[in-house]
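Each remark here refers to the structure printed beneath this line.
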Amino acid sequence: MVNSAVLVVNRLYVPIHVTTVRRAFTLLYAGIAKAIDPQFQTFDFKSWAELSVIAHEEKVGLVNRAIRIPRVIALQTYDRIPRKHIRFSRINIFLRDKNTCQYCGRHFSKGELNIDHVIPRSRGGKTEWENVVCSCFDCNRRKGGETPGEANMTLIAQPRKPQLATWGRISLRGCPYEEWRPFLSWIDASYWNVELSQE
Ligand SMILES: [Zn+2]
């Protein structure tokens, strides 16, 4: 239950991301976020904790008492509109490839991986999601300045631009909680599910 999903919105009630109940309570307790009830009333931690728990409601035990689980929280200091793009960055390439060499399939720490151009730059290969992968030093050496075909190597997966909808640990697809619906209906559903390469 503490790892189930809570929708995080900014002060303008624009969905930012999805977090866990555990993290949501941390944010509430620290005063960084407020809980929102289905009537759109906001509560700080104290006032939320004082709400009586109705028998059928979801709750967690905290400090000797039951406390209602908020399904939507609003950050108090974060007005940024959510990013429409997953930044094409080193860290995100590692995340996409799960720190796994895309040639030999073995898992490495970040320091043991290179970012490899599948089609080498010297052959006109571009620096873009579809042409860069994580590669271990051994595979990198073996491949040298060649294409995978020339080096007789195979990618374990075709590199793609990640989709925003599946980038977080929890996808918003399917709207698991009724409490989320009013927030999600404010935005174009395609925003969450769009294939970024089509933008
Ligand atoms: Zn490798």
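Which ones in segment 6-52 are among the hydroxyl-bearing types (Ser, Thr, Tyr) and in a strand (DSSP E or B)?
19, 20, 42
Tell me, please, whether a residue that is assigned to a strand (DSSP E or B), farther than 17 Å from residue 142 by Cα, assigned by TED's automatic domain parsing to the domain that holds residue 179 and at pLDDT 90 or above can be found in segment 74-93.
yes
In segment 94-109, which residues are modelled with pLDDT of 85 or more and either of a type in the set (A, V, I, L, M) or within 18 Å of the chain's Cα centre (by Cα) (or both)?
If the condition is that a residue be modelled with pLDDT of 85 or more and either of a type in the set (A, V, I, L, M) or within 18 Å of the chain's Cα centre (by Cα) (or both), then 96, 97, 98, 99 are the ones that fit.
Condition test on residue 132, is it out of contact with any His (no Cβ under 7 Å at 6 or more places or on another chain), crowded, with 16+ Cβ neighbours inside 10 Å, within 14 Å of residue 97 (Cα to Cα) and among the β-branched types (Val, Ile, Thr)?
Taking the combined requirement at face value, the residue does not satisfy it.
For a quick check of your reading of the model, give me the residue pairs whose first member lies in segment 95-123 and is part of a helix (DSSP H, G or I), whose second is within 9 Å of the ligand (Cβ to nearest atom), with beta-carbon atoms closer than 8 Å and at least 6 apart or on different chains.
112/136; 112/137
The values are calculated or read from the model by the stated rules, or taken from the named source; none is laboratory data. For clarity, every value in this text was computed on a predicted model and none was experimentally measured. Methodologically, a virtual Cβ is constructed for each residue, glycine included, from the backbone with ideal geometry; neighbour enumeration extends over all protein chains shown.
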